[in-house]
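First up is the structure itself, then whatever we jot down about it.
The values are calculated or read from the model by the stated rules, or taken from the named source; none is laboratory data. Just so it is clear, the structure is predicted and the values come from calculations on it, not from any experiment. Cβ placement follows ideal geometry from the backbone for every residue including glycine, while neighbour counts extend to all protein chains displayed.
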Amino acid sequence: MNFIKTTEQESHYRHLEKMTVAELLFNINAEDKTVPLAVEKALPQIAILVSKIVEKLKLGGRLFYIGAGTSGRLGILDASECPPTFGVSHDLVIGLIAGGDAAIRKAVEFAEDSKTQAWQDLKPYNINQKDVLIGLAASGTTPYVLNALEQANFNKILTGCITCNAHSPLAKLATYPVEVVVGPEFVTGSSRMKAGTAQKLVLNMISTATMIMLGRIKDNKMVDMQLSNNKLVDRGANMLMENLHINESLAKQLLLKHGNVRQALIQYKNDRT
């Protein structure tokens, strides 16, 4: 099939500079509403990818995200939120961006155009056949990301991708591609908008579903979350109060003693038997 880069097609809207603020916001919102529907069409692809990730992580593997620009930043965001949310090690889910950590805050010129640097960036992590590598590129054509998947495939590492164009070079490289076709952006070519939103939604699904399948959620609660601020201590205490029918003072005492909700629940119940 022919590859059509819909992320670069002309916006459905003209003369944006002549719109009022209210018109701009209404029209951006109208475009944003189409994103979850596009994600819904990709659910079968996402389900397969998540199942494969879970298999690898249960065997001791890691999950890598690699991208450039907005896509790279979204991968780093998702990876960085896994330890505090699910209590996992910082080296279980790893995000890399073209241009290195400096590119998280400021664009690094032409970093995404390198056809060799991505694999060099992955080498220090000793990425191997136990792991999973997901390439993130709205266009599906970013050379940096393509290099990562090419080398991963050569080294027999399981690969996936999240892209917003159908039949892209990236999707063809990935063993388990996810294609969320959101169509033209409100501002022509500004893929930080709908495409970025789509990638964020899919990343939420991947990490959350994976962690649930790995047993990191009990009922609907984050029982392994890190107690990194007062809000999370209060949340954890409320979980213990609800589950164990104890007062707030005892709940906080147990929580701070054992470090997280799960361990507090286990130790309290063990002590009562």
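One table, with the values for the structure above:
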{"item": "Options 95, 99, 60, 72: the member that is farther than 17 Å from residue 136 by Cβ and assigned by TED's automatic domain parsing to the domain that holds residue 144", "result": "60"}
{"item": "Filter result for the condition that a residue is in a loop (DSSP other than H, G, I, E, B), over 30 Å from residue 244 (Cα atoms) and of a type in the set (A, V, I, L, M), over 187, 202, 178", "result": "187"}
{"item": "Selected residue (criterion: farthest from residue 85 (Cα to Cα)) from residues of segment 185-199 that are touching an Asp or Glu at 6+ places or on another chain (Cβ under 9 Å), crowded, with 19+ Cβ neighbours inside 10 Å and not polar (S, T, N, Q)", "result": "185"}
{"item": "Residue ID - nearest to the chain's Cα centre (by Cα), chosen from residues in segment 119-154 that are of a type in the set (A, V, I, L, M, F, W, C) and part of a helix (DSSP H, G or I)", "result": "145"}
{"item": "Qualifying positions in segment 105-127 - of a type outside the set (Val, Ile, Thr) and either outside the structural domain of residue 149 (by TED's automatic domain parsing) or within 20 Å of residue 93 (Cα to Cα) (or both)", "result": "118, 119, 120, 121, 122, 123, 124, 125, 126"}
{"item": "Residue ID - nearest to the chain's Cα centre (by Cα), chosen from residues in segment 239-268 that are among the polar types (S, T, N, Q) and surrounded by 15 or more Cβ atoms within 10 Å (Cβ to Cβ)", "result": "260"}
{"item": "Pairs where the first residue, in segment 219-240, is in a helix (DSSP H, G or I) and the second is small (Gly, Ala, Ser), C-beta under 7 Å, 6+ apart", "result": "237/251; 240/251; 240/264"}
{"item": "Residue 97 touching a strand residue (DSSP E or B) at 6+ places or on another chain (Cβ under 7 Å), of a type in the set (Val, Ile, Thr) and surrounded by 15 or more Cβ atoms within 10 Å (Cβ to Cβ)", "result": "yes"}
{"item": "Verdict on residue 163 being within 21 Å of residue 57 (Cα to Cα), without any contact (Cβ under 8 Å) to a residue 40 or more places away in the chain and in contact with a strand residue (DSSP E or B) (Cβ under 9 Å, 6 or more places away or on another chain)", "result": "no"}
{"item": "Any hit, segment 65-84, residues being more than 29 Å from residue 228 (Cβ to Cβ) and loosely packed, with under 13 Cβ neighbours inside 10 Å", "result": "no"}
{"item": "Residue check, residue 264 small (Gly, Ala, Ser), in a helix (DSSP H, G or I) and either modelled with pLDDT under 95 or over 30 Å from residue 185 (Cα atoms) (or both)", "result": "yes"}
{"item": "Residue among 22, 47 that is part of a helix (DSSP H, G or I), without any contact (Cβ under 8 Å) to a residue 40 or more places away in the chain, under 15 Å from residue 203 (Cα atoms) and among the small types (Gly, Ala, Ser)", "result": "47"}
{"item": "Some residue of segment 252-261 being of a type outside the set (Ser, Thr, Tyr), assigned to a loop (DSSP other than H, G, I, E, B) and modelled with pLDDT under 95", "result": "yes"}
{"item": "Residue match in segment 104-122 (condition: closer than 17 Å to residue 78 by Cα, in contact (Cβ under 8 Å) with a residue 40 or more places away in the chain and of a type in the set (Gly, Ala, Ser))", "result": "no"}
